[in-house]
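Report on the structure given below.
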Amino acid sequence: MTIVLGFDPGLDGAMSAIDEDGSARIWDLPSVPLDGTGLIRRRISGMGLASIVQSFRGRKVYALIERVGAMGGRDKGKNNAVQIPVSLGRTMGCIEGVLESLGITVHEVEPQTWKAFYGLTSEKAGAMRLAQSLYPDA
């Protein structure tokens, strides 16, 4: 049986698993706290992610991850031009490392590509509505 894993990277990101029969499950990406008082207060838990992904052992697994780029700007009055891209890169590396260590090839997808396929804009609410309509039980 084949399963497709989809990753929305980032500390508030998620992972989905869709079976051949069209059933779907969704998880928040597991994270652990970081010491200190910096802007970034947690990181992805590689062990937590591996635990979820290992539950699919024995199945053919395809993994798709949204390709993300560096972002700058201001958030809550703090300059995040360095912290946010570093955290995002760290998250992407963790996801890729966990999947690769489990023998799963990662395919990156440009956000513009998958959103155009579904007729979506950059508005997050539209993507949420579409996901909820396609997979109401998830």
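The values are calculated or read from the model by the stated rules, or taken from the named source; none is laboratory data. From a predicted model like this one, the values you see are computed outputs, not experimental measurements. Note: ideal-geometry Cβ built from the backbone for every residue, glycine included; neighbour counts use all protein chains shown. Each accessible area value is taken on the protein alone, full model and side chains, heavy atoms only, with ligands, DNA and RNA left out. Shrake-Rupley method; radii C 1.70, N 1.55, O 1.52, S 1.80 Å.
Just for region 113-138: of the residues that are part of a loop (DSSP other than H, G, I, E, B) and of a type in the set (A, V, I, L, M), which one is farthest from Ser23 (Cα to Cα)? Before you say what the answer is, go through the steps one by one.
At the first step, the residues of region 113-138 found to be part of a loop (DSSP other than H, G, I, E, B) are 118-123, 135-138.
When the remaining residues are screened for being of a type in the set (A, V, I, L, M), the result is 120, 138.
Working: Leu120: 22, Ala138: 8 Å.
Top of the filtered list is Leu120.
Given (1) surrounded by 13 or more Cβ atoms within 10 Å (Cβ to Cβ); (2) closer than 18 Å to Ala14 by Cβ; (3) at pLDDT 85 or above, identify the lone condition not met by Val68.
The single condition Val68 does not satisfy is (3).
Just give me the residues in region 5-23 being assigned to a strand (DSSP E or B) and either within 8 Å of the chain's Cα centre (by Cα) or buried (at least 17 other Cβ atoms within 10 Å of the Cβ) (or both), in sequence order. Before the answer, list the steps.
Residues of region 5-23 that are assigned to a strand (DSSP E or B), as a first pass: 5-8, 14-19.
Leu5, Gly6, Phe7, Asp8, Ala14, Met15, Ser16, Ala17, Ile18, listed by residue number.
For region 33-58: of the residues being among the basic types (Lys, Arg) and within 15 Å of Thr91 (Cβ to Cβ), which is surrounded by the most Cβ atoms within 10 Å (Cβ to Cβ)? Can you show your working first?
Step one: of region 33-58, the residues among the basic types (Lys, Arg) are 41-43, 57.
Those still in the list that are within 15 Å of Thr91 (Cβ to Cβ) too: 41-43.
Working: Arg41: 13, Arg42: 13, Arg43: 15.
Here the answer is Arg43.
Surrounded by 16 or more Cβ atoms within 10 Å (Cβ to Cβ) and not in a strand (DSSP E or B), is that true of Val61? Steps first, answer last, please.
Working: surrounded by 16 or more Cβ atoms within 10 Å (Cβ to Cβ): yes; not in a strand (DSSP E or B): no.
Against the criterion (surrounded by 16 or more Cβ atoms within 10 Å (Cβ to Cβ) and not in a strand (DSSP E or B)), Val61 does not qualify.
Pairs please, first residue from region 13-40 and among the acidic types (Asp, Glu), second anywhere and open to solvent by less than 40 Å² (accessible area, probe 1.4 Å), Cβ atoms under 9 Å, 6+ apart in sequence or on different chains.
Within 9 Å, the pairs are Asp19/Thr2; Asp19/Ile3; Glu20/Thr2; Glu20/Ile3; Asp28/Gly13; Asp28/Ala14; Asp28/Met15.
Looking for something open to solvent by less than 20 Å² (accessible area, probe 1.4 Å) and under 18 Å from the mean Cα position of the chain (by Cα) - is there at least one such residue anywhere in region 25-32?
In the first step, residues of region 25-32 are kept if they are open to solvent by less than 20 Å² (accessible area, probe 1.4 Å); the result is 29.
With under 18 Å from the mean Cα position of the chain (by Cα) added as a condition, the list becomes 29.
Yes, there is a match, as at least one residue in region 25-32 is open to solvent by less than 20 Å² (accessible area, probe 1.4 Å) and under 18 Å from the mean Cα position of the chain (by Cα).
Anything in region 87-120 that is open to solvent by 90 Å² or more (accessible area, probe 1.4 Å) and more than 19 Å from Leu29 (Cα to Cα)? List them, or say none.
Within region 87-120, Gln112, Phe117, Tyr118 qualify.
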